[in-house]
Each structure stands twice: as structure tokens, then as C-alpha cells.
Amino acid sequence: MLTRGDGPVCVIGAGPSGLAVCKALKQAAIPFVCFEAGRSVGGIWDVEGGHGGGYRSLHTNTSKAKMAFSDFPFPEEIPLFPSHVDMLAYFNAYVDRFELRDHIRLNSRVDSAEPTSNGRWTIRTHDETEAGDEATFSACIVSTGQYETMRWPKPMPPGDFAGDVMHASDYLDPQTPIDCRGKRVLVVGLGASAAEIATELASGEDGAAIAAQTLISARSGRYVMPKYVGGVPLDSNAAHASDELPEAARVLPPDERLKMARTLIGAALGSVQRDVGQPSDWGLPNPEFPPWGERPTLSDGFIPALTEGRVQTRGAIEGFDGSKVKYVDGSNDEVDVVIYATGYELRFPFLRDEVLGREARDLALYRRVVHPSQSNLYFVGFTRVLCSLWPLSEQQAIWLAQVLKGSFDLPEATVQTKEAIQVSKETPVFCNLTVHELREDAR
């Protein structure tokens, strides 16, 4: 709990989750300063801002109704699956609507966050001129997002590759930063970015592919589905994270509630996958987990590109030899460019492992928000989800603002430690169930 005179709260990151925190703090009359390393709010949705993780053809894979903040709907004229331009405009409009801009310091990168002996936090930053600054805050809230650090295969395939290599985080379009036009390109991975990038490279104007050949290498399976099913968004029947649980679910014990949700979601997604075809029908490995075990890869163009042969599937990579890529099944291809769409890993370069108490990838949080052993250290927006993340981040931020105001008490640190969850290793959560837990705390 903060008291008058404790000073402002520090928020690190002004992406979607950070903006939700800023708005919750402002509405709770808690003073704060938000540091954003980039030139704009919006995180990866400022594609031209150098954040990484976004590309020029990027559209959302969640419909706008399901990813809007609870009290700030998208304009009617925005497409059901907005572009990155639409998203950046939305976040800027959100900042202006709730008068957050004066609290946000752009081009301010946090170099270090260190706890003091009295439970406060010393934050050191630098701006675009490399001028440094230092200030002390009553609490530190980290909202830097899940796309901070590229994940590469571990170990990397052996051998020397003679062509160009990049991570999907750096990909902007078929010409930038590496010109892929007319080249043989291998995309490694099977998440949304892998599917969308491969589809773009295989789908130029007038039906002519941009790349000479587009391959996708997947060593493990994922559920692959279109964004639209039967003419409506796949998530059209899903609840928004801010929606209350139905009475039939609220009265169930938590374990039974989770079991019911898994049964319903598993049946719905499993039915869609059967209708559109199994990944193995397109030469991809089938997933070895239930439909609720990982967020599906959603793309409208990827499945047609696979069925028409514009994107060709390959298995896991065994190694490289010059321009040759060798696969574990004994086959090989001559390739000019390799794009690793292998995801991101949790990193907080401004927090020492000694402060976290463990490596970032093993971060464990009470209620997926509270660091159980560092006073006044919180994290918003690091939960693995099946739904859109930002509406859940919004509810986490509202809950956290109540914690900071002392509206209710958290359990003792020993209980928090016992109940803490390793957020990056958890099976994706059902947002409404998670929000229900938070709301029960506050009641």
C-alpha cells in the first residue's frame, strides 16, 4: 500500500499493457511516470519505430471487439482485424482520451531498476542524446511486453550457412532489411509471424510470388486455423476478458471451472480444425497437445498458400552446408535466405537476476502480477493467454491500482511465494477465469 508522500510510481513501457497501467493509476489518483524507450506509445505496433516484432503487412489475429479496452471501443470504420496503422492510431487516441501523454516520457530507456533499503526503487534512464537521469519511486511496474528479446533455436543447427539470416523481429517487408525478391527463402517456425511472413513472400501481385521459392520448416506441430469461419471471426463467440463469468461457472470450484473451460474451448477449436483440415493434410506436423494447450496459428492466407503449393513444408533442420539446408528426414534444399520466426524470450535487461531472484525466463509471480519477495515490484502483461492479452492486462492493472491504494490486503510473502506461477512456462490461461480470481480478491 502506498501512502501520501511516498512519491510517484514508475511504469516501464508504454505499449498496450503499459498504457492500461497508466490509465488505471490515473483513475485511482496514484501519481506515476511512464518511461518508454521508443519514439511512440504502442510498442510493436509502431512498426516504423524500430521496436522489432512488427512488419508492414501486419494485421491483428484477434477481432477488434475482443481486443479493445473495456471502455474504449474501436471506431466503426476500422476493419474487424485492424492493421498496425489502425492499432497505433487506436493507442494514441486512448492516450489522448484519458489524458496520459503528460505522464509518458518517450525516448527514455531504463538502464537499471534497483531496490532501496526502504522498499523504494531507484530508476536510471537515458534519452536519445544519451543524457542520463536518476530518480526514486515508490514502486516499479514492469510492462515492457513479451517481444523484447529474440529467441533463437537452442542449439542452433550446426554448420555454416552461406546465405543471409535474420530473425522475424527484424523483418519489415520482402525487401527490408534483406531483399528476398526472387530468392529461395526458408522460414523457420510455425507461429503467426512465420505463417504470415511465408504467406506474404509467396503471394505477390497478380498471383506471382515475391520469393522464387518459399519454404517453411516446422519441427513441432501447432493448430492452424483461419481468422474467419463461416464468414464471421473465429473468436466471435468468445467472451471479452472484462465480461463476468456466467453464474454456472462462478459456483464451481476453481479446478472444475478450469476443466469445464478446457472442455468447451477444446471442443470448439477441435471442431474448427477438423472442418478446415489437419496440419498433416498440408505436410505439417500435427500438434501433440490439446487445442487449449497453445494459442493456435491464425491466418487467412496461410492455408490456401499451403494447399496450392505456394508455401512448401519441410521438417526440422539438421544442419547447414554452404547454401544447402539439410533436414532430419535426409532431404535438403538450396536456400538463399533463412528467417527464424522462433519467437521471443522473457528478458528484463534493467533488472539483475539477483533482484529478480532467478533468471527472467523462470520469473514466478503471485496472481501473475506481484513479485513475491521484492517489495513494490510488479509485472503487467506477461501472462500467456488464449485470448487477446491487453484486455487481461487492463484488468490486472485495475487490480494492481487497488493493491497500491490499499483497498485490500495481499497474503503474506510466504503464501505469495507458494502460490506464485512461472508465467512464461504456464499453459495459456483463459482470461475470464484469471480475471475472476482477481475480482474475487477485491470483493
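The values are calculated or read from the model by the stated rules, or taken from the named source; none is laboratory data. What you see is a predicted model; the values in this text were computed from it and never measured. Because the Cβ atoms are built from the backbone with ideal geometry, glycine has one as well, and the counts that use them run over all protein chains shown.
Any residue in segment 415-432 that is modelled with pLDDT of 95 or more and aromatic (Phe, Trp, Tyr)?
Looking through segment 415-432, none of the residues is modelled with pLDDT of 95 or more and aromatic (Phe, Trp, Tyr).
Kindly provide the set of residues from segment 60-79 that are in contact (Cβ under 8 Å) with a residue 24 or more places away in the chain, buried (at least 18 other Cβ atoms within 10 Å of the Cβ) and part of a loop (DSSP other than H, G, I, E, B), ordered by number.
Scanning segment 60-79 gives THR60, ASN61, THR62, SER63, ALA68.
Got a sec? Which of THR417, THR383 is β-branched (Val, Ile, Thr) and touching a Lys or Arg at 6+ places or on another chain (Cβ under 6 Å)? Give the steps one after another, and end with the answer.
On the way: THR417 fails: touching a Lys or Arg at 6+ places or on another chain (Cβ under 6 Å).
Going through THR417, THR383 in turn, the sole match is THR383.
I'm trying to understand the selection: among the residues of segment 93-127, which are loosely packed, with under 15 Cβ neighbours inside 10 Å, under 26 Å from the mean Cα position of the chain (by Cα) and assigned to a loop (DSSP other than H, G, I, E, B)?
Within segment 93-127, just GLU99 meets the criteria.
Being in contact (Cβ under 8 Å) with a residue 12 or more places away in the chain and either out of contact with any strand residue (DSSP E or B) (no Cβ under 7 Å at 6 or more places or on another chain) or among the acidic types (Asp, Glu) (or both) narrows it down to one of GLU134, GLU130, so name that one.
Exactly one residue qualifies, and that residue is GLU134.
Restricting attention to segment 204-217, which residues are crowded, with 22+ Cβ neighbours inside 10 Å and either in a loop (DSSP other than H, G, I, E, B) or among the acidic types (Asp, Glu) (or both)?
Correct list: ALA211 only.
What tally of residues in segment 373-384 results from selecting those that are surrounded by fewer than 21 Cβ atoms within 10 Å (Cβ to Cβ) and in contact with a strand residue (DSSP E or B) (Cβ under 8 Å, 6 or more places away or on another chain)?
Number of matching residues: 3.
Would you be able to tell me the number of residues in segment 225-266 that are under 26 Å from GLY189 (Cα atoms) and small (Gly, Ala, Ser)? Quick ask: steps written out before the conclusion?
Taking segment 225-266 and keeping what is under 26 Å from GLY189 (Cα atoms), we get 225-229, 233-235, 262, 265-266.
Adding the requirement that they be small (Gly, Ala, Ser) leaves 266.
The number of residues fulfilling the criteria is 1.
Of (1) hydrophobic (A, V, I, L, M, F, W, C); (2) exposed (fewer than 14 other Cβ atoms within 10 Å of the Cβ); (3) at pLDDT below 95, ALA261 satisfies all except one. Which?
(2)
Look at segment 283-319 and say how many of its residues are out of contact with any Ser or Thr (no Cβ under 8 Å at 6 or more places or on another chain) and either of a type in the set (Phe, Trp, Tyr) or in the same structural domain as GLU426 (by TED's automatic domain parsing) (or both).
Looking only at that region, the number is 1.
May I ask you to list the residues in segment 301-336 that are in contact with a Lys or Arg (Cβ under 8 Å, 6 or more places away or on another chain), among the charged types (D, E, K, R) and crowded, with 16+ Cβ neighbours inside 10 Å?
Within segment 301-336, GLU318, ASP333, ASP336 qualify.
For segment 327-348, which residues satisfy the criterion of being out of contact with any helix residue (DSSP H, G or I) (no Cβ under 7 Å at 6 or more places or on another chain), modelled with pLDDT of 95 or more and in a loop (DSSP other than H, G, I, E, B)?
Hits for segment 327-348 are VAL328, ASP329, GLY330, SER331, VAL335, ASP336, THR342.
Which of (1) free of Cβ contacts under 8 Å to residues at least 60 places away in the same chain; (2) outside any helix (DSSP H, G or I) does PHE382 not meet, given it meets every other one?
(1)
Checking the structure you have, find out if any residue of segment 21-37 is more than 30 Å from PRO411 (Cα to Cα), in contact with a helix residue (DSSP H, G or I) (Cβ under 6 Å, 6 or more places away or on another chain) and assigned by TED's automatic domain parsing to the domain that holds SER375.
no
What is the one condition in (1) closer than 17 Å to GLY145 by Cα; (2) of a type outside the set (D, E, K, R); (3) in contact with a strand residue (DSSP E or B) (Cβ under 9 Å, 6 or more places away or on another chain); (4) buried (at least 17 other Cβ atoms within 10 Å of the Cβ) that LEU389 does not satisfy?
Among (1) closer than 17 Å to GLY145 by Cα; (2) of a type outside the set (D, E, K, R); (3) in contact with a strand residue (DSSP E or B) (Cβ under 9 Å, 6 or more places away or on another chain); (4) buried (at least 17 other Cβ atoms within 10 Å of the Cβ), the lone unmet condition for LEU389 is (3).
Considering only residues that are among the charged types (D, E, K, R) and in a loop (DSSP other than H, G, I, E, B), look in segment 222-269 and name the one that is farthest from ALA341 (Cα to Cα).
Here the residue is GLU244.
Given the residues ASP173, ASP235, which is the only one that is of a type in the set (Asp, Glu) and over 30 Å from HIS436 (Cα atoms)?
The match here is ASP173.
Within segment 68-84, which residues are in contact with a Leu (Cβ under 9 Å, 6 or more places away or on another chain) and more than 17 Å from HIS240 (Cβ to Cβ)?
Of everything in segment 68-84, those that are in contact with a Leu (Cβ under 9 Å, 6 or more places away or on another chain) and more than 17 Å from HIS240 (Cβ to Cβ) turn out to be SER83, HIS84.
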